[in-house]
1. How many of the residues making up the stretch 65-106 are in contact (Cβ under 8 Å) with a residue 40 or more places away in the chain, among the charged types (D, E, K, R) and touching a helix residue (DSSP H, G or I) at 6+ places or on another chain (Cβ under 7 Å)?
2. So, in the stretch 148-173, of the ones that are at pLDDT below 95 and not in a strand (DSSP E or B), which residue ends up nearest to Asn129 (Cα to Cα)?
3. Got a sec? Which of Gly113, Gly68 is over 15 Å from the mean Cα position of the chain (by Cα) and of a type in the set (Gly, Ala, Ser)?
4. So Gly109 fits all but one of (1) surrounded by fewer than 19 Cβ atoms within 10 Å (Cβ to Cβ); (2) assigned to a strand (DSSP E or B); (3) not aromatic (Phe, Trp, Tyr); what number is the exception?
5. Condition first: free of Cβ contacts under 8 Å to residues at least 60 places away in the same chain and either on the phi > 0 side of the Ramachandran plot or in contact with a strand residue (DSSP E or B) (Cβ under 6 Å, 6 or more places away or on another chain) (or both). Now tell me which residues in the stretch 122-135 satisfy that.
6. Go through (1) farther than 25 Å from Glu31 by Cα; (2) surrounded by fewer than 19 Cβ atoms within 10 Å (Cβ to Cβ); (3) in contact (Cβ under 8 Å) with a residue 24 or more places away in the chain; (4) not hydroxyl-bearing (Ser, Thr, Tyr) and name the single condition Met146 misses.
7. For the stretch 140-147, state whether one or more residues are more than 12 Å from the chain's Cα centre (by Cα) and not in a helix (DSSP H, G or I).
8. Checking Tyr6 against (1) in contact with an Asp or Glu (Cβ under 9 Å, 6 or more places away or on another chain); (2) surrounded by 14 or more Cβ atoms within 10 Å (Cβ to Cβ): exactly one of these is not met. Which one?
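The values are calculated or read from the model by the stated rules, or taken from the named source; none is laboratory data. Keep in mind it's a predicted model, so treat the numbers as computed, not measured. Please note: Cβ atoms are built from the backbone with ideal geometry, for glycine as well, and neighbour counts cover all protein chains shown.
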Amino acid sequence: MMEKEYLVRNAKPEEFKEIGELMVAVYSQLEGFPKEDEQPKYYDMLANIGNLTKNPGTKLLVAVTKEGELTGAVVYFSDMKYYGSGGTATKEKNASGFRLLAVDPSLRGKGIGKILTIECINKARHHKNRQIVIHTTEAMQIAWKMYEKLGFKRSEDLDFMQEELPVFGFRLKI
């Protein structure tokens with residue numbers, strides 16, 4: 001059986017609502033991750049993910065099939081001051097970042113998260129940044145392992161608490 005091919009591109013405004021729904025669905029079902037009633041502002045941000053693209057150099061990227069089916073999404077930041085996390089990450093210089101990676105649960109294991117991550121790395125190189133910063137949680141072990149395989153290193157200086165949730169920083173020198 002042949003793997004489907006996926007195209008990564010900028011999301012279109014008319015897709016923002018569907019992408020927000022995907023984000024909420026993915027994050028709300030992560031075992032050990034806060035639920036919507038515990039962190040309503042976070043879930044509101046996920047549902048309205050397209051709003052992040054109003055910041056300069058911020059792109060909502062999607063992976064789609066040849067038929068145009070949405071399979072996953074991520075937010076890329078060419079300037080860390082718009083990254084919007086806790087901790088010190090927003091003060092990083094010569095750095096890009098990405099966060100809020102989500103893949104349709106029925107399509108996991110097909111390399112969609114990896115191609116979205118690689119696209120973010122390529123964008124960081126294009127922007128002539130020297131590193132790319134990301135965060136993950138213990139609830140996101142599949143992504144955590146993928147980031148490490150791609151060469152990301154734990155950076156405890158980037159860790160922070162999102163209310164009661166420990167969030168762990170990683171960086172990749174490029």
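1. Step one: list which residues in the stretch 65-106 are in contact (Cβ under 8 Å) with a residue 40 or more places away in the chain, which gives 65-66, 70-74, 76, 78, 80, 83, 85-89, 92, 95, 100-105.
Imposing the further condition that a residue be among the charged types (D, E, K, R) reduces the set to 66, 92, 104.
Cutting the leftovers down to touching a helix residue (DSSP H, G or I) at 6+ places or on another chain (Cβ under 7 Å) gives us 92, 104.
Count: 2.
2. Checked the stretch 148-173; the qualifying residue nearest to Asn129 (Cα to Cα) is Glu163.
3. Details: Gly113 fails: over 15 Å from the mean Cα position of the chain (by Cα).
The unique qualifying residue is Gly68.
4. (2)
5. Pass one, the stretch 122-135, residues free of Cβ contacts under 8 Å to residues at least 60 places away in the same chain: 122, 124-126, 128-135.
Passing the criteria: Ala124, Lys128, Asn129, Gln131, Ile132, Val133, Ile134, His135.
6. The failed condition is (1).
7. So far as the stretch 140-147 goes, no, none of its residues is more than 12 Å from the chain's Cα centre (by Cα) and not in a helix (DSSP H, G or I).
8. Answer for Tyr6: the failing condition is (1).
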